[in-house]
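Participant: My questions all concern the structure below.
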Amino acid sequence: MRKILLLPCLFLFLTPLFIFPEVLIIANPDTHISSLKNKDIQDIFTGKRTRWNGSGQIIIATLYDSEVHKEFLEQFVKKTPFQFKNYWRQKVFTGEGMLPKTFQNEESLIEFVASTRGAVGYISAPTDKQVRIMLINEK
């Protein structure tokens with residue numbers, strides 16, 4: 001009986017170790033938008049939306065293969081990393097877009113977003129760098 005009770009308790013104790021990191025959407029501080037809807041994020045990162053409210057161009061920054069990248073794609077873009085990469089390859093091949101800027105680590109992505117007008121990306125934790133952390137409206 002003890003073994004039966006111990007297994008669920010052990011599972012509950014270890015579960016937090018396997019939870020994906022939280023994803024924060026960041027933008028250049030000159031971006032005049034402070035919140036986005038999930039649909040907006042999906043449209044931006046699939047190239048369907050290319051301008052910030054009709055003004056500046058949106059420049060997409062993504063992370064190379066990482067847990068944050070996988071979680072971001074699953075949560076907001078509804079694609080796997082493989083599907084996302086192939087989606088953008090097809091857009092480039094047909095002349096409909098350019099590949100997003102890709103970074104090996106969050107620090108490089110943050111530096112790019114902070115210094116590039118119109119840039120948007122995602123990270124796993126708040127930063128003290130000069131970027132705008134976007135509020136996300138669920139609907």
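Participant: Is the stretch 36-47 home to any residue that is modelled with pLDDT under 90 and part of a loop (DSSP other than H, G, I, E, B)? Spell out how you get there, then give the answer.
Facilitator: Narrowing the stretch 36-47 to residues modelled with pLDDT under 90: none.
No, the stretch 36-47 contains no residue that is modelled with pLDDT under 90 and part of a loop (DSSP other than H, G, I, E, B).
Participant: So for the stretch 49-58 (the condition being under 17 Å from R132 (Cα atoms) and aliphatic (A, V, I, L, M)), does at least one residue qualify?
Facilitator: Scanning the stretch 49-58 turns up at least one residue that is under 17 Å from R132 (Cα atoms) and aliphatic (A, V, I, L, M).
Participant: Now for a different question. Step by step: first the residues of the stretch 56-70, then only those that are at pLDDT below 95 and of a type in the set (G, A, S), then the one that is surrounded by the most Cβ atoms within 10 Å (Cβ to Cβ). Which residue is that?
Facilitator: Filtering the stretch 56-70 for residues that are at pLDDT below 95 and of a type in the set (G, A, S), the one surrounded by the most Cβ atoms within 10 Å (Cβ to Cβ) comes out as S66.
Participant: Only one of (1) of a type outside the set (D, E, K, R); (2) touching a helix residue (DSSP H, G or I) at 6+ places or on another chain (Cβ under 8 Å); (3) surrounded by 16 or more Cβ atoms within 10 Å (Cβ to Cβ); (4) closer than 20 Å to A27 by Cβ fails for Q130. Which number is that?
Facilitator: (3) is the only condition that Q130 fails.
Participant: Then there's this: Confirm whether F93 is surrounded by 15 or more Cβ atoms within 10 Å (Cβ to Cβ) and not β-branched (V, I, T). Talk me through it step by step, then tell me what you get.
Facilitator: Numbers: surrounded by 15 or more Cβ atoms within 10 Å (Cβ to Cβ): no; not β-branched (V, I, T): yes.
The answer is no for F93.
Participant: Select the helices (runs of 4 or more DSSP H) contained entirely in the stretch 59-139, then report the ones holding at least 3 residues which are of a type outside the set (A, V, I, L, M, F, W, C) and more than 17 Å from Q42 (Cβ to Cβ).
Facilitator: Correct list: 106-115.
Participant: Kindly list the number of the only condition in (1) more than 12 Å from the chain's Cα centre (by Cα); (2) more than 18 Å from P29 (Cα to Cα) that fails for I59.
Facilitator: Only one criterion in (1) more than 12 Å from the chain's Cα centre (by Cα); (2) more than 18 Å from P29 (Cα to Cα) is unmet by I59, namely (2).
Participant: Taking the conditions exactly as written (of a type outside the set (S, T, N, Q), touching a Lys or Arg at 6+ places or on another chain (Cβ under 7 Å) and crowded, with 16+ Cβ neighbours inside 10 Å), does L73 satisfy them or not?
Facilitator: Values: of a type outside the set (S, T, N, Q): yes; touching a Lys or Arg at 6+ places or on another chain (Cβ under 7 Å): yes; crowded, with 16+ Cβ neighbours inside 10 Å: yes.
Here the answer is yes, as L73 does meet what is asked.
Participant: If you check V113 against the conditions, is it over 23 Å from Q130 (Cβ atoms), modelled with pLDDT of 95 or more and more than 11 Å from the chain's Cα centre (by Cα)?
Facilitator: Details: over 23 Å from Q130 (Cβ atoms): no; modelled with pLDDT of 95 or more: yes; more than 11 Å from the chain's Cα centre (by Cα): yes.
Answer is no for this residue.
Residue-wise test of (1) at negative phi; (2) within 14 Å of the chain's Cα centre (by Cα); (3) among the aromatic types (F, W, Y).
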position: P81; (1), (2), (3): yes, yes, no
position: F84; (1), (2), (3): yes, yes, yes
position: V92; (1), (2), (3): yes, no, no
position: L99; (1), (2), (3): yes, no, no
position: N105; (1), (2), (3): yes, yes, no
position: Y122; (1), (2), (3): yes, yes, yes
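The values are calculated or read from the model by the stated rules, or taken from the named source; none is laboratory data. Computed from a predicted structure; not experimentally measured. A quick note on method: Cβ atoms are made from the backbone with ideal geometry, for glycine too, and the neighbour counts reach across all protein chains shown.
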